[in-house]
Structure formats: C-alpha cells, structure tokens
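Here's the structure, in structure tokens; my notes come after.
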Amino acid sequence: MTAQACNSLAALAEHDWSRATIGHPDTWHPTLRLTLDIILSVPLPMLVMWGRQQVMLYNDAYVDLVGPAQQPAPGGRVPVMQPSAWSWNAAAIEGAWAGRTLAFPGATLRLWRQDGISEQRFDLTYTPLRDADRIVQGILCTLAPPVATAAPAATRLLRMLVVEDNLDAQYLVCEMLRAFGHEVDAVASGEAALERLRRGDIEVLFSDVSLPGISGVELARRAVAAQPGLQVIFASGYGTAVTQQLDFAAEAIQKPYEIEQLQAILERVGAHLPA
C-alpha cells in the first residue's frame, strides 16, 4: 500500500464525521464503505456521489487535482457547487443513475483552482453503485489521464461475464473491467453463470477456477460447447498451468495480477472476436 493510501485510510479513521452530512462510517451501507476503502487506496482521482442528495466522497488524488480549496479527503458533505465531473454532462449522470456504466474518453472538464479556471482532458468512467437488491444508490466517477493513441485491439470493447464467489474480489474485478470501458455482468457460481450465458450476448467468460459447485474449468467446458466462439479467461493461483491440458482454448492469469497483464490478455482475446 502506498504512503498516500495509508495517509488516506488514517484520515478516514480520524475524520470529524460529526460535521459530515453522511454520518459516521459505522452507519454506512456496506457498498459505500467498500467503495471508499477502494478509492482511498488508488492513485487515480476518484469521487463518489451517494444518494440523490449527492453527498460527495473522494480521495487525495482528487484533492490534488482540484486544488487545496477543496475540503480534505474523504469529504462527506453535499457540495455547495457541483464538481465539473458531475456538471459537464447531465445525461451521463442520469444514465448512470439508470444503471448503465458509461465511459467518455478524452472528455474536457473545466477545473476551478486558486490560479483560475483551466481546461483539462480526462478519460471519465461512471459506475453505478448498487445495493443487495441491485438498486443504484450512488455513482463512482474515475478521472484517468487520456490515452493518447489506443491500439486497434485495445479499442475493442467486450461483453464480459465475471464468475467469482468472493464478492469483494468480484466487485474489484468488475470495477477494473468497467473502468477499461467493457460491459460487465457478474455471478458467484458456475450454475448461475450457465444460466446467464444462455442469453447468448456474452463474448468473454472471466472465471475463477475454484468455485462452489461446478469448477470454473467445467463451467468453461460446458459454456464453450454451447457457444463455440466464447473466449475464456481463467483467474487462478496456478497461472498458465491450468490451461495446459484443456480440450478448449483459454487464457489464464495468475492471482494477484497487474493491470497491464490483464489489459494484454483482454487485447488478445478481443483480437479473436469479430470486429
């Protein structure tokens, strides 16, 4: 964990939540608490709007971006003025409230700092945050530096199904994939995955190997038999060894993995799909 992440997590514990609109973290919805734990541990500027009242929470990277006039991270109040990441495109925000993950490469935002207003470009991603009933309770916004030139394979957005029974790990993987711009659905078992795959709209199966019930390997074998064009990626502690004796083509990535490793595999499987 970086020093910045340690400082941010310490700030979460030491923050005066009596002055915050949202109350103490002990009273928060688990989705919100998990999301804040994540954004405080990453270097990209990220902010969360929670509830239609739109209480705002964010990390130090976001404070560094918008300037010291911003309340120190992690925030916790309804903003007096909507941040530009929210005000630049009302339709995008409503789309996220409606449950769609949206990506806007190279969007231009006007940022107000002590030295005036400046325009900067970002790759923006808006991710709905849902409760256990799949109702959207908030929105996570990620502001990444724009990719200057993307290779053709990297621009191929994928329709993916993540199969992971550890819900915290499932959440992290899905958020990472959505930040890349891919369409992602998720289930926690092989049986649920087979049911979801029957719709026929999934292009890439991203599955843990060890699952309750049928294994990830057996899941993939049945799925590929039913949908021969389906691309398969296994996440495993055994790395590529899991793919060496399979009777179908698959990629494998060893846990824990780096973002660059995952991107490279996604580019490879995307190249095998129709344009």
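The values are calculated or read from the model by the stated rules, or taken from the named source; none is laboratory data. Quick caveat, the model's predicted, so the values are computed rather than measured. Positions of Cβ are generated from backbone atoms using ideal geometry, with glycine treated the same way; all protein chains shown enter the neighbour counts. For accessibility, only protein heavy atoms count, side chains too; no ligands or nucleic acids. Shrake-Rupley method; radii C 1.70, N 1.55, O 1.52, S 1.80 Å.
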Members of the stretch 92-119 found to be of a type outside the set (A, V, I, L, M, F, W, C), at pLDDT 85 or above and either in contact with a strand residue (DSSP E or B) (Cβ under 6 Å, 6 or more places away or on another chain) or not assigned by the TED database to the domain that holds residue 36 (or both), listed by number: 95, 99, 101, 105, 106, 108
Test: residue in the stretch 5-15 that is modelled with pLDDT of 80 or more, crowded, with 16+ Cβ neighbours inside 10 Å and farther than 20 Å from residue 137 by Cβ: no
Candidates 56, 49, 81, filtered to the one that is out of contact with any Ser or Thr (no Cβ under 6 Å at 6 or more places or on another chain), part of a loop (DSSP other than H, G, I, E, B) and in the same structural domain as residue 14 (by the TED database): 81
From the options 252, 186, 223, residue that is within 23 Å of residue 101 (Cα to Cα), aliphatic (A, V, I, L, M) and surrounded by 17 or more Cβ atoms within 10 Å (Cβ to Cβ): 186
Residue match in the stretch 62-71 (condition: buried (at least 20 other Cβ atoms within 10 Å of the Cβ), in contact (Cβ under 8 Å) with a residue 60 or more places away in the chain and part of a strand (DSSP E or B)): no
Positions within the stretch 91-105 being assigned to a helix (DSSP H, G or I) and open to solvent by less than 70 Å² (accessible area, probe 1.4 Å), in sequence order: 92, 93, 95, 96, 97
Condition check for residue 247: acidic (Asp, Glu) and closer than 28 Å to residue 130 by Cβ: no
Among residues of the stretch 19-53, those that are farther than 21 Å from residue 81 by Cα, open to solvent by 40 Å² or more (accessible area, probe 1.4 Å) and not β-branched (Val, Ile, Thr), counted: 10
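Rundown of residues vs (1) modelled with pLDDT of 95 or more; (2) in contact with a strand residue (DSSP E or B) (Cβ under 7 Å, 6 or more places away or on another chain), yes/no style:
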{"site": "172", "(1), (2)": "no, no"}
{"site": "175", "(1), (2)": "no, yes"}
{"site": "179", "(1), (2)": "no, yes"}
{"site": "183", "(1), (2)": "no, yes"}
{"site": "197", "(1), (2)": "yes, yes"}
{"site": "212", "(1), (2)": "no, no"}
{"site": "219", "(1), (2)": "yes, yes"}
The stretch 239-261: number of residues that are under 11 Å from residue 217 (Cβ atoms) and part of a loop (DSSP other than H, G, I, E, B): 5
Residues of the stretch 149-170 that turn out to be assigned to a helix (DSSP H, G or I), open to solvent by less than 50 Å² (accessible area, probe 1.4 Å) and at pLDDT 85 or above, as a count: 1
